[in-house]
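This is the structure, below, for whatever I ask next.
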Amino acid sequence: MNTAFLFPGQGTQRVGMGRGFFERHDVARAVFDRASALLDLDIARVCFRGPPDELDSTALAQPALFVVSAAAMAVLEDAGRPASCTAGHSVGEIAALYAAGVFDFDTAVRVVRRRGELMSTAQPGVMAAVIGLDEPTITAVCDTARAWGRVCIGLQNGASNFVISGDDAAIEVAAARCRDRGALKVTRLRTGFAFHSPIMDPVVRPWRDYVATIPLRRPTIPVALNSTGAIATDTDVVRHALVDQIARPVRWHNCLRSLVDVGARSFVEVGDSKVLSAQVRELDRTLAVGTMADPRVERRLFSTRTWESHGAVS
């Protein structure tokens, strides 16, 4: 069965994430140890003990999430379960590109550290999840709310699952108007920044300059890119997408559809999160879906018949 690896992004971090992989698997411990040496930081301590304010900071959350995802992927690959295709949500795209062989582990750690450092220097902003409205409705709301500041769709997580991103006052107006138009739920997110919006524009130039120095290889498996939702074809496409992604909307729903189009029928969320696996179930309930945050998935790793017949979790 063609299996897609999905890597979660910022907002899914929590104190204790990755501890199970670390305690049960030598290959996962090796990932944490190597990352700690590269970062000159005990990343296991940050992930397992926090404190929450430290782990939630953008400069640390992004490398921490990458390391947990890389550790989970090491467990899968050690069990002989490689990906057929992949995608990562926001900062999770760094892990997806690593899974696709675009860069090696050491480079990926340096890339994700620099990304987190730069994005943490942006002007403060707000993000809010909006559930239950379609894209044209939310786009129209954002258009009218711009009289109060910058605001746009930052994340397209599903057909009626979006995140708006922008200035505080504009988000407040847009959130109220989404509720007036029948949104089922509008919730502010714990970010402190307006990722994937024009507020991140000042970060784009130094990030572009840094990305230009990164050695990239052609993807060895299909990888769907956030900024387009399409499958990457070569290193130039990947390099441009890495730059575009931080200030442009994440077309995650399109990413999932692209993975289905290239043959994915089993999806595994590779990290200590259940957010992306839930979104796959919303897309198509006939797909086999699981997450490494679920201990049942780990128990089934060494059961070939169970894994191939039902995907990660039926």
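The values are calculated or read from the model by the stated rules, or taken from the named source; none is laboratory data. What you see is a predicted model, and the numbers here were worked out from it, not measured in a lab. As a convention, Cβ positions derive from the backbone with ideal geometry for all residues, glycine included, and neighbour counts pool all protein chains shown. The area values use the complete protein model at the heavy-atom level, side chains included, leaving out ligands, DNA and RNA. Shrake-Rupley method; radii C 1.70, N 1.55, O 1.52, S 1.80 Å.
Once you list every other residue whose beta carbon is under 13 Å from the beta carbon of residue 85, what net charge do they have if Lys and Arg are +1 and Asp and Glu are -1?
Taking every other residue near residue 85 into account, the sum is +1.
For Cα pairs less than 8 Å apart in space and 6+ apart in sequence, what is the mean separation divided by the residue count of the range 21-124, i.e. the relative contact order in percent?
Reported as a whole number, the value is 33 percent.
Using only Cα atoms, locate the centre of the range 154-209 and the centre of the range 235-308, then give the distance between them in Å, rounded to an integer.
22 Å
Ignoring any ligand, DNA or RNA, what whole percent of the accessible area of the chain comes from carbon and sulfur when the probe is 1.4 angstrom?
It is 50 percent, rounded to a whole number.
A further question on this structure: Counting only other residues whose beta carbon sits under 13 Å from that of residue 213, what net charge do I get with K and R as +1, D and E as -1?
+3
Expressed as an acute angle from 0 to 90° and rounded to the nearest 10, what is the orientation of the C-alpha long axis of helix 58-78 relative to the principal long axis of the chain?
Approximately 30 degrees, to the nearest 10.
Please give the Cα centre distance for the range 75-91 versus the range 2-33, rounded to the nearest Å.
Measuring centre to centre over Cα atoms gives 11 Å.
Roughly how compact is the range 35-98, stated as its Cα Rg over 2.2 N^0.38 Å to two decimals?
Compactness ratio reported: 1.19.
Thinking of the chain as a set of Cα atoms, what percent of all their pairs are more than 35 Å apart?
15 percent
Under 5 Å between amide hydrogens, which residues at least 5 positions from residue 267 or on another chain qualify, with H placed 1.01 Å from N in the peptide plane?
It is 4, 288, 289, 290, 312, by chain and number.
If you don't mind, another one. Would you work out if the range 82-131 is rounded, prolate or oblate? Take a ≥ b ≥ c from the square roots of the eigenvalues of the alpha-carbon gyration tensor; rounded if a/c is under 1.5, else prolate when a/b is larger than b/c, oblate otherwise.
oblate
Note down the net charge around residue 124, summing +1 for each Lys or Arg and -1 for each Asp or Glu among other residues with Cβ under 15 Å from its Cβ.
Spelling it out: positives minus negatives among the neighbours equals -2.
Oh, and also: Using only the Cα atoms of the range 148-274, build the gyration tensor, take square roots of its eigenvalues as a ≥ b ≥ c, and label the shape rounded, prolate or oblate: rounded if a/c is under 1.5, else prolate if a/b is larger than b/c, else oblate.
Oblate.
Which percentage, to the nearest 5, of the DSSP beta bridges contained in the chain is antiparallel?
Taking every DSSP beta bridge within the chain, about 55 percent pair in antiparallel fashion.
Another question, then. Please give the helix 105-119 orientation as an angle from the longest Cα principal axis of the chain, in degrees from 0 to 90, rounded to the nearest 10.
Helix 105-119 sits at roughly 20 degrees to that axis.
Further question: Is the C-alpha gyration tensor of the range 210-266 telling us rounded, prolate or oblate? Criteria: a/c under 1.5 is rounded; beyond that, a/b larger than b/c is prolate, otherwise oblate.
Since a/c reaches 1.5 but b/c is at least a/b, the shape of the range 210-266 is classed as oblate.
Kindly sort 117, 23 by accessible area of their heavy atoms, largest first, with the probe set to 1.4 Å.
Accessible-area ranking of 117, 23, largest first: 23, 117.
Could you give the accessible area per residue of the range 137-269, probe 1.4 Å, as a whole number in Å²?
Result: 44 Å² of accessible area for each residue.
Could you give the spread of the C-alpha atoms of the range 59-165 along their three principal axes, from largest to smallest, in whole angstroms?
Computed over the Cα atoms, the extents are 51, 31, 19 Å.
Taking the Cα centre of the range 118-250 as origin, sum charge times position over the Cβ atoms of Lys and Arg (+1) and Asp and Glu (-1), and report the length of that vector in debye to the nearest 20.
It comes to approximately 220 debye.
Send over a whole-number figure in Å² for the accessible area per residue of the range 1-123, probe 1.4 Å.
So the range 1-123 comes to 33 Å² accessible per residue, rounded to a whole number.
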